[in-house]
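Q: Mind looking over this structure? Questions follow.
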Amino acid sequence: MKPKVFVSRLIDREALDMIAKVAGMEVWRDELPPPYEVLLEKVKDVDGLLSLLSDRVDTTLMDAAPKLKVISNLAVGYDNIDITEATKRGIQVGNTPGVLTETTADIAFTLLMAAARRVVEADRHVRKGQWKTWGPMILLGQDIHHATLGIIGLGRIGIEIAKRARGFNMNVLYHDVVRNEEAERQLGVKYISELNELLSTSDFISVHVPLLPGTHHLIGASEFAVMKPTVVFINTSRGQVVDQKALYEALRLGKIFAAGIDVTEVEPISIDDPLLILENVVITPHIASASVHTRKNMALMAAENLLAGLRGEVLPNCVNPEVTQ
Ligand code: DGY
């Protein structure tokens, strides 16, 4: 008998075809994710689940899916999944690292430039008919070239940001729990062991850490307080890494110059959120990996993880390899 899988959203056709060849597959085709209660129902007799970061995969869900062998998340991040619980139950969990690194770094740098040079605000200015003349004091932003960029988390994406920044003649600092001396030699980046030192000396700050209990609200009011008033703050990691109320206050009070964020504490951000009233923040809807090419590669990788799990093999990209050791 064919194994059964649930795919929680419409993904690349080729990836779906790969899965359909070997498994009985149900695909959730709505634009919005399956409500949690529906997901519980859908997984009750599946062997595999292809999930998205908007699907909560917790103990209750695993209880509802006694046959589940593999969870393949279509993302590099997997904070939506209770990994400890999956491991306890011998369920392999897969993710999609690598293929989205440069695409995500591109968006982080796009946000950095857009927020620094007030691109979105300037576009609104034009559309509102406010462009009356060339003005020596109109829409002045911050220079990117030769400025200091502080990267928090020099993983794969952080490294790609550093490369982009070096192309703009930026001075690059980084803070991480692990020092990377090879990256320092190759990219000319400087390690700063104290987070506050990086925060207070950088002109641009870009966050690239996973969401973990230790990184929740890593950046809050006291961190914004030590930043330069001219700083441009970028977050493309996870919304909960930043205390969004503190970010709002810092932007509103001019404690920092601007922000560019691709992620928010609650996604989607409420249309009534006061952040949306501010001119000095650029917000994109968690699209950092959203290029045609990258999303296809992520889908193919997720399909490969899923199929390996169904065959009882070690996933090519497994986040809890101890399950099979
Ligand atoms: C991820 O992969 O974790 C991103 O947030 C979405 O691509």
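A short reminder: the numbers here are calculations on the coordinates, not readings from a lab. Here the structure is a predicted model, which means the values were calculated and not measured. Backbone-built Cβ (ideal geometry, glycine too); neighbour counts: all protein chains shown.
Q: Among the helices (runs of 4 or more DSSP H) confined wholly to the range 123-204, which include 1 or more residues that are touching a residue at least 60 places away in the same chain (Cβ under 8 Å) and surrounded by fewer than 18 Cβ atoms within 10 Å (Cβ to Cβ)?
A: Counting at least 1 such residues, we get no helices (runs of 4 or more DSSP H) at all.
Q: Considering only residues that are of a type in the set (A, V, I, L, M) and within 14 Å of the ligand (Cβ to nearest atom), look in the range 259-282 and name the one that is nearest to residue 144 (Cα to Cα).
A: Ranking the qualifying residues of the range 259-282, first place goes to 261.
Q: Same structure again: What single numbered condition from (1) of a type in the set (Asp, Glu); (2) assigned to a loop (DSSP other than H, G, I, E, B); (3) in contact with a Leu (Cβ under 6 Å, 6 or more places away or on another chain) fails to hold for residue 223?
A: (2)
Q: Specify the residue that is nearest to the chain's Cα centre (by Cα); the eligible residues are those in the range 58-75 that are surrounded by 20 or more Cβ atoms within 10 Å (Cβ to Cβ) and either more than 14 Å from the ligand (Cβ to nearest atom) or farther than 17 Å from residue 92 by Cα (or both).
A: Filtering first and then ranking leaves 71.
Q: Among the residues in the range 32-41, are any in a loop (DSSP other than H, G, I, E, B) and under 12 Å from residue 93 (Cα atoms)?
A: no
Q: Do you know which of the residues in the range 78-122 that are assigned to a loop (DSSP other than H, G, I, E, B) and under 20 Å from residue 260 (Cα atoms) is nearest to the chain's Cα centre (by Cα)?
A: By that ranking, first place goes to 100.
Q: Right, something else. Please specify each residue of the range 292-325 satisfying the condition of being within 16 Å of the ligand (Cβ to nearest atom) and among the β-branched types (Val, Ile, Thr).
A: Answer for the range 292-325, where residues must be within 16 Å of the ligand (Cβ to nearest atom) and among the β-branched types (Val, Ile, Thr): 292, 294, 319.
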